[in-house]
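Here is the structure we will look at, set down as structure tokens.
The values are calculated or read from the model by the stated rules, or taken from the named source; none is laboratory data. Because the structure is a prediction, the values reported are computed rather than measured. Counting neighbours? That spans all protein chains shown, and the Cβs are built from the backbone with ideal geometry, glycine included. The area values use the complete protein model at the heavy-atom level, side chains included, leaving out ligands, DNA and RNA. Shrake-Rupley method; radii C 1.70, N 1.55, O 1.52, S 1.80 Å.
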Amino acid sequence: GCGDGALFKRFAPMIAEGVGIDPALPRSEALGSCRLIAGPFPEALPPDTPPFDLITLLAVLEHIQPEAQRRLAERCVALLKPGGYLVATVPSPSVDHIVPVLQRLRVMDGTACEEHYGFEPGRTPALFAGLTLRAARTFELGLNHAFVFQRPER
């Protein structure tokens, strides 16, 4: 769910190398020291990809079909270096009712609520059971949830 690579652009000076994957990308491309890959995770990820220090899933889990969520989580855990972090944000399901109103009012655009599968944020820790939950909190008036996980050193 890297979109157009905005996160890479914002933190470019701090990223030595990065990989972003998004099925909505029109094509794969280089973005400085980062690669944006068009396609779904984990299928589009090259098999020789080394493990990561950090994986971000920002507003991604609710777009993953329920039967694919466990496989995505297991692959993320496997791709993290020991001691590496995974950061995930998940909107509250109630956001699906608010966003269309905000879009009609032209206050926001772009959120594909039709792709949401009703993911409950409270399921996130169990989904990433192989990782240690380091922090969890809500933001944006409780409408979004942030989770920080760490892979054990061994």
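Using the Cβ-Cβ distance between GLU74 and GLU29 with R0 set to 35 Å, the FRET efficiency from 1/(1 + (r/R0)^6) comes to roughly 0.80.
For Cα Rg over 2.2 N^0.38 Å, the candidate list reads (i) 1.05; (ii) 3.36; (iii) 1.22; the entry that matches the value derived from this model is (i). Relative contact order of the chain: 20 percent, from C-alpha pairs under 8 Å at least 6 residues apart in sequence.
DSSP beta bridges fully contained in the chain are about 60 percent antiparallel. Nonpolar atom fraction for the chain, defined as the carbon and sulfur part of the 1.4 Å probe accessible area, stands at 57 percent.
Taken per residue, the accessible surface of the range 21-95 reaches 50 Å², heavy atoms only and a 1.4 Å probe.
Here's how it looks for SER92: its modeled amide H is under 5 Å from those of ASN144, HIS145, which are all 5 or more places away or on a different chain. Taking Lys and Arg as +1 and Asp and Glu as -1, the other residues whose beta-carbon sits under 12 Å from that of PRO50 total -2. Contact order for the range 1-75, expressed relative to its length and based on alpha carbon pairs under 8 Å spaced 6+ residues apart, stands at 25 percent.
Spin-label model, GLU153 to ARG137: label points 7 Å out along the Cα-to-beta-carbon direction sit 2.6 nm apart. Taking the chain as a Gaussian network of alpha-carbon nodes connected by springs under 10 Å, the highest mean-square fluctuation of the residues LEU86, LEU131, LEU105 belongs to LEU105. Computed from phi, the 3J(HN,Hα) profile of the range 68-83 under the Karplus parametrisation 6.51, -1.76, 1.60 (θ = phi - 60°) reads 9, 5, 5, 4, 4, 4, 4, 5, 4, 4, 5, 8, 8, 5, x, x Hz, with x in place of Gly and Pro.
Taking the Cα centre of the chain as reference, the dipole from Cβ charges on Lys and Arg (+1) and Asp and Glu (-1) amounts to some 380 debye. With the charge dipole of the chain set up from +1 on Lys and Arg Cβ and -1 on Asp and Glu Cβ about the Cα centre, the Cα lying farthest toward the positive end among the listed residues ALA44, GLY20, GLN65 is that of GLY20.
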